[in-house]
1. Where in the stretch 320-368 are there GluC sites (Glu not before Pro) that are in a DSSP coil and have at most 16 other Cβ atoms within 10 angstrom of their Cβ?
2. Compute the projected area of the convex hull of the Cα atoms of the stretch 195-266, averaged over all viewing directions, and report it in nm² to one decimal place.
3. Straight-line reach from residue 246: which aspartates and glutamates have a Cα under 14 Å away, not including same-chain ones fewer than 8 places off?
4. Cα extents of the stretch 260-401 along the three principal axes, largest first, in whole Å?
5. Which option, [x] 26; [y] 51; [z] 55, is the value of percent of Cα pairs over 34 Å apart that was calculated from these coordinates?
6. Using 0.36 nm per residue, how much length does the chain from residue 404 to residue 286 gain when fully extended, once their Cα-Cα distance is taken away?
7. Give the residue from 272, 207, 405 lying farthest towards the positive end of the charge dipole for the chain; charges sit on Cβ (+1 for Lys and Arg, -1 for Asp and Glu) and the dipole is referred to the Cα centre.
8. About the Cα centre, and with charges only on the beta carbon of Lys, Arg (+1) and Asp, Glu (-1), how big is the dipole of the chain? Nearest 20 debye, please.
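Coordinate-derived values only; no laboratory data. Note that the structure is a prediction, hence the values are computed from the model and not measured. Cβ sites come from the backbone with ideal geometry, for glycine too, and all protein chains shown count toward neighbours.
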Amino acid sequence: MTTLISFVGDTDPIRGFHDGGILHITRHKRPDKIVLLHSQHSLSKHENIHLAINSISPDYQPEIMIDDEIIEDNRVFLFDEMFKHVSVVIDKYKNTDDHILLNLTSGTPQMIAGLFAYVQIFGLNIDAYQVLTPLRSSNEGLPHDTKESIDVLIELNEDNKIDSSNRLIEVNGQNIRQSLLQKSFRELIDVYEFLGALNILENESDIFSNQGKLIINLSKVANAIRFQNVLPDLQSKLGINKEIQKYFSCFTILDIQAERELVSEALVRGKNLAEAIAIKYIENQYPGLLKEDNKKYYLDTNHTKYIEIEGIYNKKRSGIAKLNPKTTISSHLLLYILEVVDETGKFQMVFKQVLDKTRERNTVAHSIDPIDPKNVDLQGLVDDCWQLLLFIDNRLRPYRNYKETLKQDILNFAQQ
């Protein structure tokens, strides 16, 4: 079913011996139902509109109805009120089987703007039409047909003639829609919501001239964040090797999660990153002290430092448990190892700070209990993880705010 929804204006139903907006759209589109949104002032026109529509053709008699809410005359010039009104009305009459037509000619400018705004925001299965004046200019100076009866106006209506022209223009507002989508895209990128921005590009066409390449570039960043991949082009941009790229990508993603206040994700990633950096730091200080098996790390009992670590561990845990050579490396065990390998104690101090700031991580990982906000310091967690990262590669120092570089690169590419 096709339904025309229209305000009623001063040109309806006939003015200057030509169709007004409602009559002209009805004549050329033949909707099954016509819903009229009357103001107190326009109610007096309803009977004439009904007669004019029924005069189009003997075999065309659409359902004509008045919406229940009559608009007070003192509200017709308020855009917010009109937008709210049309949103309620259209949603009321629209269903999955209906095709909606909107009249963007009849009514006050605020009424028309409200309809147009609705099209831009919720434009699925909706066609909007503007009706040009017979002179293709404004109606200014055109007299109202107040002296003639509706029967005379219908009889003398020029648009009733067979050779009359179709003055409908479909309004899609493509330029405005494109601008709104571009604005939404940039706003999402500005808050590091890369996946949401990607969804816009994938579901809407012709937003940017280089949209295909933009989707490819943005997908690499979005997928790195979603699947814990290495961020793209780090070798060419920063000149760091593949191993360091992994740590740096993880840190940048952590920074983004903290910026977006994704607390659960940031707590888990922050602790995992700190442990991974600690393992790398230990390997740098004493190669061979740790051995890897199926992505798990263990102490090598043949290493010269093992006995020293074992002694510290057993002494501090006397009466609890002795060090088992088969124990996998954990944050707890890393603290004992760092006592031996971190001669200055600086790395160990920062590592402890990370563990303290990620105490709520177990709440996330092992329960569905709420997190205590008092125990959450995401910015401090990011700062500590950055300090740990510099212990294994100080060349990264200039790139502390790489998330901003990611953002600006995408925004700049979108402007090309």
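1. 343
2. If you wrap the Cα atoms of the stretch 195-266 in a convex hull and average its projections, you get 5.6 nm².
3. Filter leaves 233, 275, 393.
4. Result, largest extent first: 46, 39, 30 Å.
5. Here percent of Cα pairs over 34 Å apart agrees with entry [z].
6. Details: separation 118, 0.36 × 118 = 42.48 nm, distance 3.53 nm.
Answer, rounded to one decimal: 38.9 nm.
7. Of the listed residues, the answer is 272.
8. 2840 debye
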